[in-house]
Amino acid sequence: MEGELKCPMCLQFYCNPLLLPCSHSICASCASNIQESSQTFLTQLEEGGCSSTPGEGDLKDFPDIDKISILSETDSGVVCNSRPSSYIGTPSIANIYQTVQFTQNSYGIKCPVCKKIILLDENGYKSLPCNKVLETIAEKFSHSKYKPLTLYVNCQMCEHNEAKEAVVMCEQCNVFYCQSCKESCHPDRGPLAKHNLLDTIQGRALQRARNKGRELRCLEHEEEQLGMYCMTCGIPVCCTCQHEGGHSQHDVQAIGAMCKAQKLDLSQILQSLSEKAKVGTEFIQSLKSMTDQVHGNCLDFEATVAAQCDALIDAIKKRKQELLVHVAEERDLKISMLKEQASQCTALLQRTTGLLHFSIEVLKESDPASFLQVSSGLISRVSTADQNFNKDMELTPRIATEIDLTLDTGPTLHAIQTMNFFQLKAPGKPRIVPEDCSAENNSVTIAWQPHMGNVVENYSLELDDGCGGDFRVVYVGSETICTVDGLHFNSTYYARVKATNNSGDSDYSDPISLQTAEVAWFTLDPFSAHPDILFSNDNHTATCNSYEHRILLGGVGFSKGVHYWEVIIDRYDKHSDPAIGIARFDVDKCQMLGKDEKGWSMYIDDGRSWFMHSDEHSERTDGGIKRGSVIGVLLDLDRHRLCYFVDSIPHGPVAFKNLHGVFFPALSINRNVQVTLRTGLEPPAESESDDE
């Protein structure tokens, strides 16, 4: 814990540590060195976005984020210290600015760790409380770790960047001095001649003795001891602060009870952390033992490889000569082809250069008639040469300079060219990562990780049917994440995955269950619709450019479950019969829904409706639609039937029965109608007549 006990500024063991409001600590001498006028920090705040200077009693000119920053340590990094006994002031922003007057004599400190700005009063760093616990632990640790003769203490009078080692401490001044500061600041004459000077070891011992048993006192009411704890501000306070000071409206508890409670909380957290550290220690030990095993296994394997390679040396020497001859032949072929291409390109370049020079000379002709005699033909030649130059020049080499040969060796003497290492065992089972898996609407996403250290060529993802049935393969490939669409709504699917390499398959992973949405959310599908259909409102609203009916489908298909959606009639002029229902995906989209055997619909006008399938009309029902009417479609694939509602009232008998397979929401409209789709709805209760 040595790093916890060293000041972030001087990097030495804490000496008189002061507690900052951000919970970090700093030596008193370091705090003295880094404190600056509050005006410096206020200037920085104004440059960062503040439009006024505090001290006016309110924050009306400050942005909201800066108002919050006065009260919170987790925002822009500004903490206001309004009184010596209060780090953050009171919860009232107005009170803070009434009690804090940022004058030329006020100070500020920027925490060297978290870079937060602490605004102090005219007492500066002296208004910060001493971190007594940290001081005690640092003293104990440094005294036990280092011999007393080698105890190092910084001079408290030197500049921070040039602090020297202290050699004496004045018992009366309670200050450590280096030799030069002692001579200049504490001479052995005058009133200081009677002061008792101690060496650093004695001085630190004296400080410990003085601090031992000293009760912490309130910095605002120096005669009062800190006997209470403010829950709002999170600091110890005295009774006067509780009854008369800035903490009178705060939740204040007895300091002993709070100390006991927080010690208990800290002990419990430390117990949990200790258990985790123990597990980490055991894991590190296992890793170290595994390294020894790897080393031994590697030695054995190296011996095996060396023996196999020695047995192949003779065959390699023979094969070497054959391969070198083949490489030489390849080299000669590449050089020959490159020289031939270079020769052809050189000839082309010479012709092109000649044409360029000739054309330049023609441009010098001053007689217009003479120039025009040859200009047309010359322009044609130059244009042709310009267009065909890249093609004729072949600006890419006909052959690569690399030798496109690979020496492939093997494990046998008679097949030396194929020697290679192979995986000796099948991969371990992969692990599905639950936090990366999700289910949305009727799609699920499954993510997994391979077993550590295995070579995997492919993964095979399997999914059941959502009803506890057999698993089926839905993905094979090298990716470690897959999204499966088109599943049943309100169903629980189980997924598992296995890994494969040349040596075989792994075991299946532990399965994971994913629940699809209870109700369907979908939009109209612009990709499968007729080109005359126009979409808007994020594909929820549709119109048509044609006087003829055009069919459009929903974006999902259903094969099980109970589903309900509604179609709102946004525009209707009584000269059309919109048809609404379901269809197969390959329904003819250039006619009214229900005209062929792949569509089931109810077409309706302003006074009545009919059901239609395979161009057969049935069940005329009174009651029509107008602008603003809502047509509900209830598809019950558990009972294999389709029902309709108009303005939330059941309309007609059961429209269609014995429906089996996959059905898509569908409707057909022309230019006299505009509709909007509404989905994600709970199915309504059916009437008794429907059941009959």
### Task
Taking H placed 1.01 Å from N in the peptide plane, check which residues at least 5 places from ASP596 or on another chain put their amide H under 5 Å from its amide H.
SER614, ASP615
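Give me the percent of the accessible area of region 547-634 that comes from carbon and sulfur atoms, probe 1.4 Å, all protein chains in place.
Carbon plus sulfur share of accessible area: 43 percent.
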### Query
Taking the Cβ of ASP605 as the center, what net charge do the other residues with Cβ under 12 Å away carry, scoring Lys and Arg +1 and Asp and Glu -1?
0
#### Entry: Ordering of 323-331, 500-508 by burial proxy (mean other Cβ atoms within 10 Å per residue, highest first)
500-508, 323-331
### Task
Grab the Cα-Cα distance for ASN196 and LEU11, subtract it from 0.36 nm times how many residues apart they are, and report the gain in nm with one decimal.
63.7 nm
### Query
Once phi is turned into θ = phi - 60°, what whole-Hz ³J(HN,Hα) does the Karplus curve with 6.51, -1.76 and 1.60 give for every residue of region 647-652, x standing for Gly and Pro?
6, 6, 10, x, 10, x
### Task
Might you tell me the accessible area per residue for region 462-569, computed with a 1.4 Å probe and given in Å²?
47 Å²
### Task
Over region 163-269, with every protein chain in place, what whole percent of the accessible area is carbon and sulfur at 1.4 Å, could you tell me?
51 percent
### Task
Tell me which residues come under 5 Å, amide H to amide H, from SER25 once H is placed; ignore anything under 5 positions away on its chain.
LEU20
### Query
Can you list residues whose amide H is under 5 Å from ASN458's amide H, if they're 5+ apart or on another chain and H is modeled 1.01 Å from N?
THR500
### Message
Please list 3J(HN,Hα) in residue order for region 243-253, calculated via the Karplus relation 6.51 cos²θ - 1.76 cosθ + 1.60 where θ = phi - 60°; whole Hz, with x for glycine and proline.
### Response
8, 10, x, x, 10, 5, 9, 8, 7, 10, 10
### Message
Need one number: nm distance between label points at CYS309 and MET231, each 7 Å from Cα along Cα→Cβ, rounded to one decimal.
### Response
7.3 nm
### Task
Determine ³J(HN,Hα), in whole Hz, for all residues of region 360-370 in sequence, where each value follows from phi through the Karplus function 6.51 cos²θ - 1.76 cosθ + 1.60 and θ = phi - 60°; x replaces Gly and Pro.
5, 5, 5, 4, 7, 4, 8, 7, x, 5, 5
## Note on the structure
Per the rule of 0.36 nm per residue minus the C-alpha distance, extending LEU273 to VAL473 adds in nm 67.7 nm
### Task
Please work out the FRET efficiency for the pair MET258 and SER443, using the Cβ-Cβ distance as r and a Förster radius of 56 Å; give the result to the nearest 0.05.
0.60
### For peptides 553-561, 668-676, 293-301, 656-664, sequence by mean Cβ density within 10 Å, most packed first
668-676, 553-561, 656-664, 293-301
#### Entry: Sites HIS357 and ASN545, calculated FRET efficiency, Cβ-Cβ separation with R0 45 Å, nearest 0.05
0.10
### Stretch gain in nm, segment ASP605-THR384, where the contour uses 0.36 nm per residue and the Cα spacing is subtracted
72.7 nm
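The values are calculated or read from the model by the stated rules, or taken from the named source; none is laboratory data. A quick note: this is a predicted structure, and the numbers were derived from the prediction, not measured. Here Cβ is always computed from backbone atoms with ideal geometry, including for glycine, and neighbour counts include all displayed protein chains. In case anyone asks, the SASA skips ligands and DNA or RNA and just uses the protein heavy atoms, side chains included. Shrake-Rupley method; radii C 1.70, N 1.55, O 1.52, S 1.80 Å.
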